[in-house]
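Have a look at the structure below, then the notes.
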Amino acid sequence: MNATFATLALAVASAAITVAAEAAPLSPAASLGSAIVVQDQASLRSAPRDGAQQQASLWQGEVLEVRGERLDYLQVWDHKRERGGFIRTGDVRRVALTEAEAPALLAVIRFVQETPGAEALGIGLAAAYLQAAPFQVLAGEQGAQAFDALGTFADRLARRASVAVPGKASGAALSAHLDVASGYGVRFSSYEAEGRMQVCYEGEAFRRLLAMPLADARQRARAALALTRPECINPDLPAHERAKVIAWQADVLERVDVAGLAGYLRNRVQTRRASVWGAVAFQQARQNVADPAVAAAAARALTEFSGVSKADLPDEDQSAYNDAAMRVSAVRWALVPATTPVTAVTGPRPALLTEPGAPGETCVLLVDAQNGVRAPLLRRCTYGVVWAASATINREGTALALAVQPLEGWRELWVLRKTAGGWLTDVLPPTAATPETGVAEWAGWVPGGQQMLVAREARGQGRYRKSFEVVRLDGLTTERVTGDISALPLFQRWQDPAWKQQTLSLR
């Protein structure tokens, strides 16, 4: 690591130590270093007495300029509020920002890194360390530890802010902590999702960590996981920009060597890789990328998911594991080559064709010996990805099931069925809730042409549900449903062998 990178590293904290950046020139008598507030709602008073008027309420992590000492108080100047006063010495930690002090600061950072609720303080200490440590130290293992800690503090603070209850006292503290972090140059973004705000760390410290040769595998894993959180992709991004972000996430995850990681951490990386590569396959399919590339991305997603050891899966990771399963399952038909396009239909059974529609659309055509492409039995278009290889028709020739994926991690089941008035298309979604993550897949036909078997798995409105169903073709009404496949005799008898072999619903 050269001095140029170390100089860039200090930019993370350049806005942090406000004393150095904003303070007016001090007289020698006034140059007594800085102090970082170590607890919330510390009182800045007008005089060194408990009964003196409170000038301001300070929050952990804020930095003050020390200008004197009176009794057990420090006389300080708050550059943020442009106000002076006195604060108890026990409410702050004094820092000189010298090279000799750097090891002690790093030791405190290591302790605070494992302390939930102390994120703002940790960010202040990390900023102080980045100012105090010399270039050669920041370029080595200790510098990597500092950036790892800084990123961890910021990401954990963003996660806490995302689940805070508006109006609660804890919400006020989190808002103040975010303000403290922003004062140090740590940037956050926020998006509205399902009626609440999702706060995300911008990730500068983690990006710098991944560029450091001496960062270890565990640090790289934490950085990659924080930088690739699916909920932190701007939901308002255009499709082509979203595809770029997902490709970048896949590249970030490639920088992690999982071989030496603990089992639970290796699982987290592979679970995230599976989700991201599933998204890559979907985006490539939408852009009409060559089939081999889409199949390769889907295969990579399946390989990463298959590598997850359920024995090393903590309870808190079960949700991410289920989501990864649905995202991989949504694109699994990319692994099955599409059949040769039908040029003529001679038998009584209909066949399915696809053709381009309006820009970005794919049209599904149902044809038979009498009704060709010019006058099909049925024509329906969609902006989603039509997985043509999934098309399967029942024995009676009266219904056809087709997998269509309109969104990442969300695959619907189209059922084309014959009625007295002609052919109709019904859509069976993974769940009736707002689309998040889910898969509805055909699992088999029940002889008689009246029923089919369906497996559905979805997360909607914060709830996860997996079910196996016997569905009536007329109106797609569910006749029987259970979470235990062994409880449905029809499922046991008529489930399709190929579905049973390939599905992830039976994991």
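Values in this text are rule-based calculations from the coordinates and carry no lab data. Quick caveat: nothing in here was measured; it's all calculated off a predicted structure. Methodologically, a virtual Cβ is constructed for each residue, glycine included, from the backbone with ideal geometry; neighbour enumeration extends over all protein chains shown.
Show which lysines lie in cross-link reach of residue 310 when reach means a straight Cα distance below 29 angstrom and same-chain residues fewer than eight apart are skipped.
Qualifying lysines at Cα under 29 Å: 466, 500.
Multiply the residue separation of residue 476 and residue 41 by 0.36 nm, subtract the distance between their alpha-carbon atoms, and state the gained length in nm to one decimal.
Gain on extension, residue 476 to residue 41, equals 150.7 nm.
Identify the trypsin sites (Lys or Arg not before Pro) of segment 212-271 meeting these criteria: DSSP loop state and at most 16 other C-beta atoms within 10 Å of the C-beta.
Answer by residue number: 255.
Provide the gained length on full extension for the span residue 420 to residue 355, in nm with one decimal, where the gain is 0.36 nm per separating residue minus the Cα-Cα distance.
Going from the current span to full extension adds 20.7 nm.
Excluding residues on the same chain fewer than 8 positions from residue 80, give the aspartates and glutamates whose Cα lies under 17 Å from its Cα.
Filter leaves 22, 40, 62, 65, 179.
Can you list the GluC sites (Glu not before Pro) in segment 113-194 that are in a DSSP coil and have 14 or fewer other beta carbons within 10 angstrom?
114, 194
Amide H neighbours of residue 69 under 5 Å, counting only residues 5+ apart in sequence or on other chains, H built in-plane at 1.01 Å?
75
Rounded to whole Hz and in sequence order, give me ³J(HN,Hα) for segment 497-507 from the Karplus expression 6.51 cos²θ - 1.76 cosθ + 1.60, θ = phi - 60°, writing x for Gly and Pro.
x, 5, 4, 4, 6, 9, 5, 9, 5, 9, 4
Just grab the label-to-label distance for residue 82 and residue 172, each label 7 Å out from Cα along the Cβ direction, in nm (one decimal).
Distance between label points: 2.6 nm.
To the nearest 500 deg cm²/dmol, what mean residue ellipticity at 222 nm is calculated for the chain from DSSP H runs of n ≥ 4 alone, each contributing -39,500 (n - 2.57), summed and divided by the residues?
For the chain, the value works out to -11000 deg cm²/dmol.
Sequence-distant or interchain residues sharing an amide H contact under 5 Å with residue 95, placed H: which?
When sequence neighbours closer than 5 places are left aside, the close amide H contacts are 34, 35, 36.
Based on the Cα coordinates of the chain, what is the per residue volume of their convex hull in Å³?
Each residue corresponds to 177 Å³ of Cα convex hull volume.
Please state, rounded to one decimal and in Å, the Kirkwood hydrodynamic radius that segment 377-507 gives when every pair of distinct Cα atoms enters the mean of 1/r.
Mean inverse Cα-Cα distance, inverted, gives 15.0 Å.
Starting from the Cα coordinates of segment 44-190, work out the convex hull volume and express it per residue in Å³.
Convex hull of Cα atoms, per residue: 124 Å³.
So which helices of the chain fit the span-like rule, where a helix is a whole DSSP H run, its Cα atoms reach 30 Å or more along the axis, and its mean Kyte-Doolittle is at least -0.5?
141-162
What ranking of 392, 437 emerges when the number of other C-beta atoms within 10 Å of each C-beta is taken as an exposure proxy, fewest first?
392, 437
If you scale each eigenvalue of the Cα gyration tensor by 5 and take the root, what three semi-axes come out for segment 350-427, rounded to whole angstrom and sorted largest first?
Gyration-tensor ellipsoid for segment 350-427: 20, 15, 10 Å.
Hey, rough spin-label estimate for residue 240 and residue 100, points 7 angstrom out along Cα→Cβ, what's it come to in nanometres?
About 5.9 nm, to one decimal.
Can you put 303, 434 in order, fewest other beta carbons within 10 Å first?
So the residues, fewest neighbours to most, are 434, 303.
Using +1 on the beta carbon of Lys and Arg, -1 on that of Asp and Glu, and nothing else charged, what's the dipole of segment 336-502 about the Cα centre, debye to 20?
200 debye
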